[in-house]
1. Taking R200, is it farther than 17 Å from G88 by Cβ and more than 15 Å from the ligand (Cβ to nearest atom)?
2. Considering each of A189, A139 in turn, give the residue that is closer than 14 Å to M1 by Cα and either open to solvent by less than 10 Å² (accessible area, probe 1.4 Å) or small (G, A, S) (or both).
3. So how many residues does segment 80-97 have that are part of a helix (DSSP H, G or I) and surrounded by 24 or more Cβ atoms within 10 Å (Cβ to Cβ)?
4. Pick from segment 103-136 the residues that are in a loop (DSSP other than H, G, I, E, B) and more than 22 Å from G40 (Cα to Cα): which of them is most open to solvent (accessible area, probe 1.4 Å)?
5. Yes or no: E175 in a helix (DSSP H, G or I), under 23 Å from L52 (Cα atoms) and among the acidic types (D, E)?
6. For the structure I just gave you, tell me whether V141 is within 22 Å of the chain's Cα centre (by Cα), of a type in the set (V, I, T) and more than 16 Å from the ligand (Cβ to nearest atom).
7. Of everything in segment 142-172, what is of a type in the set (G, A, S) and either open to solvent by 30 Å² or more (accessible area, probe 1.4 Å) or assigned to a helix (DSSP H, G or I) (or both)? Give them in sequence order.
8. Taking the condition of being over 13 Å from V253 (Cβ atoms), more than 9 Å from the ligand (Cβ to nearest atom) and in contact with an Asp or Glu (Cβ under 9 Å, 6 or more places away or on another chain), how many residues in segment 203-213 meet it?
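The values are calculated or read from the model by the stated rules, or taken from the named source; none is laboratory data. Remember, predicted model here, so these are calculated numbers, not experimental data. Because the Cβ atoms are built from the backbone with ideal geometry, glycine has one as well, and the counts that use them run over all protein chains shown. Protein only, heavy atoms only, side chains kept; ligands, DNA and RNA dropped before computing areas. Shrake-Rupley method; radii C 1.70, N 1.55, O 1.52, S 1.80 Å.
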Amino acid sequence: MIELSRTEDGSNKNGAFAKDVADGLSQKQKHLPSRYFYDGKGSQLFQQIMDLPEYYLTRAEFEVLTDNQEAMVQHFAHEGFFHMIDLGAGDALKTKILIRQLTKQQSSFDYVPVDISGDAMKQLTKSLQEEMPEVGVQAVVGEYFKALQWLQQNKSERKVVLFLGSNIGNFEMKESVEFLCSMRSYLGAGDKLLMGVDLRKDPDTILNAYDDAAGITAEFNLNLLHRINRELGGEFDVDQFQHYAMYNPLEGVMRSFLISLKEQDVYIRDTGRTFHFDAWEAIHTENSHKYFIEQVKELGQQCGFKIETVFYDSRRGFADVLFTTE
Ligand code: AVI
């Protein structure tokens, strides 16, 4: 396992977290970056979200991969050996469908899961060694770009990058272009990208997926305040905030907020500051974009990717888009 996550200057990660929190909470329209959802507790809550009846995304992508595994593997493997790089691999439950199929077809590849969680990568390596000992696995612990840079320098063969789960949807539109263009800069001619995207659909279906009846998504959102309390010495009274989710069908974006239920001041030790909240003031915590395929095509084109093929689920509500480099 390769660990790339330590900062070069040895500075602590909490410094960056405190700075991002202070920056976000000092804006006129307050916001907090959604990447901070995923501490141990947040990752556990996200696992629960993926099992919720309302959260259709994971099941839909599971169906896409299950139903199209043979075709996908043929697209990946027909030019000989490749590295299959899985960005944000987690427990790789979905990717294992493809790994099993690749093994069945005796394809020549190795598997490079990339994740910020060292524990998740340790567990995944162990479970793959037990389930499929014939598969070469080299887990990389670190941020996506550091990992891609490392791969470009250390793995010269053809690459197939997986970016599943509609994770691209959590970026602002501008950031998603920057992200894809940086990814493209680490890839060469003939490399491929399989990207999961949640598609436009009935707005109520989308809204319910982010405002479930059991309140798990609310807990997931509010955990961000608990995390600030735990890690940065924050003094949020979390009960005085509520989860609020809304979908804008014009833009195709699901937005989540934390709403202050009263006027209050909150001190956060590691920022050295107190932040004021008016009654009903919102903190914007997440965007989840929903796409038309044409938009996904344009997004790829802006960065030198062209669509090779699109795999849909049976409801045409989710797609895994296979891009190749132009
Ligand atoms: C990780 N990401 C794709 C999820 C999504 O659907 O935007 C995160 C999530 N937020 C609330 N529920 C799920």
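1. Values: farther than 17 Å from G88 by Cβ: yes; more than 15 Å from the ligand (Cβ to nearest atom): no.
No; evaluated as a whole, the condition is false for this residue.
2. Working: A189 fails: closer than 14 Å to M1 by Cα.
Matching residue, one of A189, A139: A139.
3. Going residue by residue through segment 80-97, those that are part of a helix (DSSP H, G or I) are 95-97.
Pick out the ones that are also surrounded by 24 or more Cβ atoms within 10 Å (Cβ to Cβ) and you get none.
Residues flagged as part of a helix (DSSP H, G or I) and surrounded by 24 or more Cβ atoms within 10 Å (Cβ to Cβ) within segment 80-97 amount to 0.
4. Of segment 103-136, the ones in a loop (DSSP other than H, G, I, E, B) are 105-108, 116-117, 132-135.
Going one step further and asking which of them are more than 22 Å from G40 (Cα to Cα), we end up with 105-108, 132-135.
Numbers: Q105: 70, Q106: 161, S107: 25, S108: 60, M132: 12, P133: 97, E134: 123, V135: 17 Å².
Ranking the qualifying residues of segment 103-136, first place goes to Q106.
5. Numbers: in a helix (DSSP H, G or I): yes; under 23 Å from L52 (Cα atoms): no; among the acidic types (D, E): yes.
The answer is no for E175.
6. Working: within 22 Å of the chain's Cα centre (by Cα): yes; of a type in the set (V, I, T): yes; more than 16 Å from the ligand (Cβ to nearest atom): yes.
Yes.
7. Kept after step one, since they are of a type in the set (G, A, S), are these residues of segment 142-172: 142, 147, 156, 165-166, 169.
Hits for segment 142-172 are A147, S156, G169.
8. Quick first cut of segment 203-213, residues over 13 Å from V253 (Cβ atoms) only: 204-205, 208-209, 211-213.
With the extra rule that they be more than 9 Å from the ligand (Cβ to nearest atom), the set shrinks to 204-205, 208, 211, 213.
Among the residues that remain, those that are also in contact with an Asp or Glu (Cβ under 9 Å, 6 or more places away or on another chain) are: 205, 208, 211, 213.
The qualifying residues number 4.
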